[in-house]
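The values are calculated or read from the model by the stated rules, or taken from the named source; none is laboratory data. Keep in mind it's a predicted model, so treat the numbers as computed, not measured. Cβ placement follows ideal geometry from the backbone for every residue including glycine, while neighbour counts extend to all protein chains displayed.
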Amino acid sequence: MAVTPLLKLNAQAIAITHTVCSISAFLVALIIGCCLHYYKIVRNEHYGYPDEWFPSVSATIGDRYPERSVFQILIALTSGPRFLLLFADYLCLYRSNSVLPKFALISGIVRTVSCGGWVYITSTDDHDFHDFCMIAYIVLTIPWDASITLLSPPGSIQRRRRKYTAILFFASLIPLIYLFIQHKVHKVPGAYSHYAYFEWSLIILDITFDAWSIKDFEDLYIEVRASRDNDDYFNVNFEAKAIQEKQNEKHEIGNEHNHLVPKSSNASYLRSLVDIVNSFIFWSVYTSLYLCIWYFPLWNMGISGYEASAAATFAPLLLCIPGVQRLFTAKPQVARFLCCLFGIGAYLVTEPATRLLIIAAGVAFGCIALATEISAYGSLNNVGAIRSYATSFTLGVALSSLAKFAFWTENPIWPIMNSKTGGWNKTGLTVGLISALFTRLPSRTLKREESDAAKESADASTSSPSFLLTAFGFGALIFSISAMLTDTSTIILWTWDGYPVRGPTPVPYGAVSLTAMCIGIYLGMRHGSRKFIKLLTAQGVVGAFLLYKFRHWVGYMGGLMYIVWLSGIIPVCLHQMSKFHRRTGSIFLLSFVVTCIITLMHVWIVAYAFVPGGSYLRERTDIVLGLSVVLIVGLVLNYTSPVVNTNRTNPALKKTINFCIAIAVLSCIIATQRIPKEKPVPYHPDSRVLTTGIWTIHFGLDNDMWASQTRMIDAMRDLEVDVFGMLETDTERIIMGNRDLTERIAEELNMYTDYGPGPNKHTWGCALFSKFPILNSTHYLMPSPAGELACAIHATLDAYGEPVDVVVFHSGQEEDVEDRRLQSNGLAEVMGSSDKPMILMSYLVTKPLEGNYNTYVSDKSGMHDIDPSDDDRWCEYVLYKRLHRIGYARVSRGTITDTEIQSGKFIVPKSGESYDETYSQNRIEESVVPEDMRYPKIFYGEGVRGHHYHVFDEPRYFE
């Protein structure tokens, strides 16, 4: 006997209640706030009424009583319907053969929890945590909106409603970010009110997206029944309309009798070259985006707002709009042309913020072009075609790395380069635009050619690959390429551990790294069987482990294995992505979201002290590297398409071999040309003078966001510095462009160099340059329990036949007092452990004669200040012991950075010769000092190129 329901409820009531409560919470708070505290809630940090006239969401719901309390009560009432709506959506949109329902449910739950974070912890309570939860909520909106939209019946009005609502939501973020920058950085009156308009529109669009569930729940009922025998308390009757999912699976790729062979199977070298150049332009533009973004938090010493420009990579979302993908497929030249025009041509704009936004536009079109082209090849269901395209894509990566190898790790067409810094921007722009105009996609009306290549292209697989594993894996691949393959020095510096040399050096072994990439490209094109792919993947995993765990040659061998794997697995990844050519926008959007997330993690491991929640990823390179490897492995193991090995006579394989050989040979030629031909010699060897210097260089970006290496070289050459340290030099990360600033400086000044702790040591970096041979060097990470890691190099030089120790040190930031105390004690022990002559070139963050200064300059360290009377110092100091100190100078920074050059002159005593550690404070005339012991006169007066002696009218000399 059936049990009569105690309650029968249409699930539409859940969605309606959720909509009414949520919209009421915001609108009621807005009305109350405007009535009671209008002038207060429209005021911001810069302006009030009438310059600002509309309140932001945060000010409305979190700053005043009673609107804050009313809002929180109403939003609390929303929580019950919210969780019921999540589970109702799961039931209503469930598909047995898809993981999307579970993914939507999980992301929806986490998203709801993050909503509670920014609702109940306001910006007034904890600004960083409020922002963190708000950003997490927006990021989680991407998988939630995408999953629910994709689960809606294809072609239905529900799917269109959700698609357009989601597109409007994310499109609104663009003006929102722009207006926030106008308010925060440029302090434009009224910008925050306009920003508030878009902020409120996001709230409305977000609620609207969930409100569409009202239609879904028409035939969904919840019945509550009394317990009887074995009957359940609850019984849910689900009577949704039938969804013909089979229609979603019918597309041309499944027709085994209609394989199309694109012209690219027998394409000319010109067509392959066009694809390679296009890829080279894409990677040049893509890698410049994060480099230019970094300029803004660097100068703001924290999150600036310009980081939102990274959302340009989400541009494939636009391909979800009907007709957009067809447009870019029919005219592929458009996206490529605009990618090059904006991305490379941005160098013509001098203002940094505007230049960044133009670069972001170039990246957006580059991502659209990549997505469109992979989709077009995928629609052919031709394995040979997509592998050929993937090979050209990887060769473009190799060409980008080759160009950086030739130009001392800086891409000559980056928009931070110009004619004064050795840039080839005009050449790159011209070649890129011409290549874009020659871009062609394979015709879908081509007749099948009876050839081995056509037979190879048949894909007998009937199983559908996982959407999520493919998207996550491709996103991890893009991150891994940009983090590890876009520069020949990155892998090498992961294994570098100081002198004596016990492993590879960037020159000449950068050519070996490039050759390993070419081997991977060849293997990826030549072999494609499942067995080979799994063996190659196993090798890559082992290589990643060795690279992370070991140093010197063992670590480098692991790095080469990792390079071969990444380069060889790209055809598999692109082929897998191409299978979703009917969902191009959604899968590429999700992929680039994953790329962005891992890239942020990659930044957080070293920038943890400046970002909310950074402590959770502090120094966790293992998590970032491991996650990227695991996600790529997930894609590879999900790859089910059988691929026949390419015949050795295949024209596409022959072209691949020729291009790979050309790149490998060119890399060897470049390495040969870059090997130093002369032994370094100090500037004044007859006088036994040793001139030192210390400079904090802000990662090689000057005040106007141009590369500053050439100007730094000129300054140090003119100052005739024999040994100097540079700080903030670890640039082998995505956000710094994967550059090695030491290479060009050392080669052009003909000096020995020590890069210092590598990029896997999580410091901001310190580097040593010397005209004297470096006998040995040790890298230190000083105690830093709370703040940023403090790095140091302790090296012994052969200075005029005498061992002289030098220490380059970068202290942590001033906020962490205990860190700096521990670091000062640690460095004092290092300096006190040596009885040889010693010079410290440092960044100490202390006032002269106060606090930790008395630990650095102490009996424990044995060190003396080069000029205790100079009370204008805070960061940079030169200390010394057991040397004849003869001069001290401070040189203005010009527009290169925000920190001056400090320099000291010493005479190295001969073995057994006494040295004077007590000197008079009495000034003497420069004419008394021998000519070759004086500082150059070029920096007197106004100086040269913005550099001149300052603080003192001239260098200080002593008796």
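Counting only helices (runs of 4 or more DSSP H) wholly contained in region 476-560, the ones carrying 2 or more residues that are under 22 Å from the mean Cα position of the chain (by Cα) and under 19 Å from Lys404 (Cβ atoms) occupy 490-495, 506-526. Hey, among the residues in region 929-959 that are of a type in the set (Lys, Arg) and not in a strand (DSSP E or B), which one's surrounded by the fewest Cβ atoms within 10 Å (Cβ to Cβ)? This residue is Lys937. Taking each residue of region 869-893 that is within 18 Å of His947 (Cβ to Cβ) and looking for partners that are charged (D, E, K, R) and part of a loop (DSSP other than H, G, I, E, B) with beta-carbon atoms closer than 6 Å, six or more apart or interchain, yields Tyr888/Asp867; Arg890/Glu900; Ser892/Glu900; Arg893/Glu900. In region 675-698, which residue that is within 33 Å of the chain's Cα centre (by Cα) and surrounded by fewer than 24 Cβ atoms within 10 Å (Cβ to Cβ) is nearest to Met736 (Cα to Cα)? Filtering region 675-698 for residues that are within 33 Å of the chain's Cα centre (by Cα) and surrounded by fewer than 24 Cβ atoms within 10 Å (Cβ to Cβ), the one nearest to Met736 (Cα to Cα) comes out as His698. Within region 814-831, the set of residues being in a loop (DSSP other than H, G, I, E, B) and either surrounded by 14 or more Cβ atoms within 10 Å (Cβ to Cβ) or outside the structural domain of Thr778 (by TED's automatic domain parsing) (or both) comprises just one member, Asp816.
Looking at (1) assigned to a helix (DSSP H, G or I); (2) surrounded by fewer than 20 Cβ atoms within 10 Å (Cβ to Cβ), can you tell me which one Glu619 breaks? It fails just one condition, (1). Please work out if Trp565 is over 20 Å from the mean Cα position of the chain (by Cα) and within 18 Å of Ser489 (Cβ to Cβ). Spelling it out, it is not the case that Trp565 is over 20 Å from the mean Cα position of the chain (by Cα) and within 18 Å of Ser489 (Cβ to Cβ). The set of residues from region 497-518 being touching a residue at least 60 places away in the same chain (Cβ under 8 Å) and touching a Phe, Trp or Tyr at 6+ places or on another chain (Cβ under 7 Å) comprises Gly510, Leu514.
For Ile713, state whether it is of a type in the set (A, V, I, L, M, F, W, C), touching an Asp or Glu at 6+ places or on another chain (Cβ under 8 Å), under 22 Å from Asn760 (Cα atoms) and assigned by TED's automatic domain parsing to the domain that holds His884. Judged against the criteria, Ile713 is not a match.
Quick one: in region 741-757, of everything that is out of contact with any Lys or Arg (no Cβ under 9 Å at 6 or more places or on another chain) and in a loop (DSSP other than H, G, I, E, B), which residue is nearest to Arg618 (Cα to Cα)?
The residue in question is Pro757.
Within region 778-803, being part of a strand (DSSP E or B), touching an Asp or Glu at 6+ places or on another chain (Cβ under 9 Å) and surrounded by 24 or more Cβ atoms within 10 Å (Cβ to Cβ) holds for Ala790, Cys791, Ile793, Ala795, Leu797, Ala799. Just so you know, in region 625-642 the residues that are surrounded by 20 or more Cβ atoms within 10 Å (Cβ to Cβ) and within 16 Å of the chain's Cα centre (by Cα) include one that is nearest to His762 (Cα to Cα), and it is Leu625. Looking across region 746-794, the residues that are within 30 Å of Leu625 (Cβ to Cβ) and small (Gly, Ala, Ser) come down to Ala746, Gly756, Gly758, Gly765, Ala767, Ser777, Ser784, Ala786, Gly787, Ala790, Ala792. Restricting the search to helices (runs of 4 or more DSSP H) fully inside region 165-258 and requiring at least 1 residues that are at pLDDT 50 or above and over 30 Å from Leu357 (Cα atoms) gives 191-211, 213-216. Within region 126-148, if we keep just the residues that are over 22 Å from the mean Cα position of the chain (by Cα) and free of Cβ contacts under 8 Å to residues at least 40 places away in the same chain, the residue that is nearest to Ala191 (Cα to Cα) turns out to be His127. Would you confirm whether any residue within region 39-59 is outside any loop (DSSP other than H, G, I, E, B), of a type in the set (Val, Ile, Thr), modelled with pLDDT under 85 and under 15 Å from Ile207 (Cα atoms)? Yes, because at least one residue in region 39-59 is outside any loop (DSSP other than H, G, I, E, B), of a type in the set (Val, Ile, Thr), modelled with pLDDT under 85 and under 15 Å from Ile207 (Cα atoms).
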